[in-house]
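The values are calculated or read from the model by the stated rules, or taken from the named source; none is laboratory data. Remember, it's a predicted structure, so these values are computed and weren't measured experimentally. Here the Cβ positions follow ideal geometry from the backbone for every residue, glycine too, while neighbour counts run over all protein chains shown.
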Amino acid sequence: MYSKLGEAIIDGNKGEIRSIISDLEKKDINLTNFVDEFASVMLMEANLSYGNFHFIKMALFLRELSIQGYLSKETEKELINLMSLNMTERHFVKVEAYRFGYMEKEADQSTIKKMVEELDKGNSHNAYYYSLGLLEYKPEVLRNNLLSLGTESLSESLGHSFTCFYPVMRDLMVANSRHDTNALFSYILYLSRFDYDEEVHIQYDKDSFKNISHLIEVCSSGEGIVNLHHMITLTMYLLWEKDEINGDYIPYHNFNNWIGNKNVDEKQREKIVNMKTGGVHLPKNYHDFENIFSLNDLDNSLPVYFKLLDEDYKKAVDWMFRLYTTYYNPNWDPHYFTSLYSALKLFQMDNSKDKLPSKMAIYQALRYFSQRVEI
């Protein structure tokens, strides 16, 4: 099935894509397999509308939700359809990177230093040579150092130098992955755009996130793409803290310096405080939810969604991602999904009593979406 679908995507045959996916039986719907099949292509996106690497990030977040069982077959079918159609609107460079070429019998801190020096010069191919050695002998060290380097350019890249590659390092730069070298080469090409201070990857950071609830409120404040990226990037940092690829060093100061003295939007906060869920009746099924929830009226719709999140998080995730697909257009912005994913992750990690901070994040993500699609 995926080979035929792949041909239709390459040919830009939207009618054939819709036909193939429409005919899928329930047993054949598997979003995880779809992303695994096309990850190598997605990694080499060349898109000027949203910048490179947005598509693979979006796809890997959806893949994660699929693996964890949050998405129904009905929702996965719509997501596969959306990604397939959207891939015909994008451009990808056909590149395949290989593991062979590194000539040394070990890799250590000096190898990291050489890799960074070549990145600083913009010599991406030389940097890739040293990264191959690290991939062979020190894969965990490599992943963490690349992500740490990415955080050095948060302000220059709206956080993309870290956030776009966090899921790539987490999901594709792992043992037995057939995409590891393409993922590595893709990130090396991206990082070689920036300048790096000497020993930047070795510094010790005594900074940390002191008040997570307050920081979520800060990052979830404000409209527009910059404020949205504050929230997305914070989420990736918090996920990075919990996984196995962060080593002993997380450069908190790079994030704190980027956010600066940004304050909480008190009007926005008060709006969420006033959204009461008492007496709210929950929809019985997705179609009821689709009829009840209005992007045009978030003030009245969100209390329903907040109650659903409290009572059935899995259903709340599934239904909202499926609702998003009904607004697909050829100019689909990957930030729609990545911000929704991030806000819902914050809701899971939010330890505050009323989850007000993460509810602000959900409001921010939904408002961004509602202001940019035809309703």
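Looking at Val226, Val317, Val304, can you tell me which residue is modelled with pLDDT of 95 or more and loosely packed, with under 13 Cβ neighbours inside 10 Å?
Working: Val317 fails: loosely packed, with under 13 Cβ neighbours inside 10 Å; Val304 fails: loosely packed, with under 13 Cβ neighbours inside 10 Å.
Answer to the selection: Val226.
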Per the filter on the range 149-194, residues out of contact with any helix residue (DSSP H, G or I) (no Cβ under 6 Å at 6 or more places or on another chain) and closer than 19 Å to Thr338 by Cα are Ser157, His160, Arg170
Would the range 83-94 turn up any residue that is aromatic (Phe, Trp, Tyr), at pLDDT below 95, in contact with a strand residue (DSSP E or B) (Cβ under 7 Å, 6 or more places away or on another chain) and buried (at least 17 other Cβ atoms within 10 Å of the Cβ)?
yes
In the range 278-286, is there at least one residue being within 30 Å of Ser161 (Cα to Cα), outside the structural domain of Arg18 (by TED's automatic domain parsing) and either without any contact (Cβ under 8 Å) to a residue 24 or more places away in the chain or out of contact with any helix residue (DSSP H, G or I) (no Cβ under 7 Å at 6 or more places or on another chain) (or both)?
no
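Rundown of residues vs (1) in contact with a helix residue (DSSP H, G or I) (Cβ under 6 Å, 6 or more places away or on another chain); (2) of a type in the set (Lys, Arg), yes/no style:
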| position | (1), (2) |
| --- | --- |
| Ile10 | no, no |
| Ile21 | yes, no |
| Lys26 | yes, yes |
| Val35 | yes, no |
| Met44 | no, no |
| Gln68 | no, no |
| Arg99 | yes, yes |
| Thr111 | yes, no |
By residue number, the members of the range 334-373 that are farther than 19 Å from Met58 by Cβ, aliphatic (A, V, I, L, M) and crowded, with 23+ Cβ neighbours inside 10 Å are Met360
Regarding the range 88-110, can at least one residue be identified that is of a type in the set (A, V, I, L, M, F, W, C) and in a helix (DSSP H, G or I)?
no
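Restricting to the range 281-315, and then to whatever is of a type in the set (A, V, I, L, M) and not in a helix (DSSP H, G or I), can you tell me which residue is farthest from Gln68 (Cα to Cα)? Talk me through it step by step, then tell me what you get.
Looking only at the range 281-315, we keep the residues that are of a type in the set (A, V, I, L, M), and these are 282, 292, 295, 298, 302, 304, 308-309.
Of the ones still in play, those that are also not in a helix (DSSP H, G or I) are 282, 295.
Working: Leu282: 24, Leu295: 27 Å.
Among them, the one singled out is Leu295.
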